[in-house]
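Step one of this worksheet: look at the structure below.
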Amino acid sequence: MIWKILDRAGTLAYLLLSTILITILMSNSSENAGVNNYSEKLEALKVESMRVMSNNVSYFESRINKLSETQDSYQVSTDQRVYIIEQRLKELQSDKKNNQKIINNNISNATINNPYKE
C-alpha cells in the first residue's frame, strides 16, 4: 500500500512539475514575442526619425538656397543701380564742364556758368 501512495505522489509531483515547466515555457515565449515586438517598434522609430531628420535638413537647405538666390539678385540689382548712378554723375560733371563759357573781350577773360543749361 505504501508503494501505491509513493507511486501516486511521484505521478502527482511529475504532473505538477510538468505543468509548471509548460507554464514557464509559455510565458517565456510570450516575453520573447514582446521583446521582438519591442525591437521591431524601435527599428521603425529609428527609421521614422531618420526620415524626419532628412526631410528637415532638405527643407532648411532649400530655404537657405532660396535666401542666397534672393541676396545674390539683390546684390546684382544694387550694383547695376550704383553703376547707373555713377554714369549719370559723370554725365552731369561733364555737362557742367561743357556749360562753362569763356568770354573773351579785349579787356579780360572771365569764366561764366550758363544758368540755363543745368
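What follows draws every value from the coordinates through simple rules; no lab data is involved. Small disclaimer: the values here were computed from a predicted structure and weren't measured.
Quick rundown of the values:
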| quantity | calculated |
| --- | --- |
| With eigenvalues of the C-alpha gyration tensor scaled by 5 and rooted, the stretch 2-98, Å | 93, 6, 4 |
| Those aspartates and glutamates that a straight Cα-Cα span of less than 17 Å connects to Lys90, excepting residues fewer than 8 apart in one chain | Asp79, Glu118 |
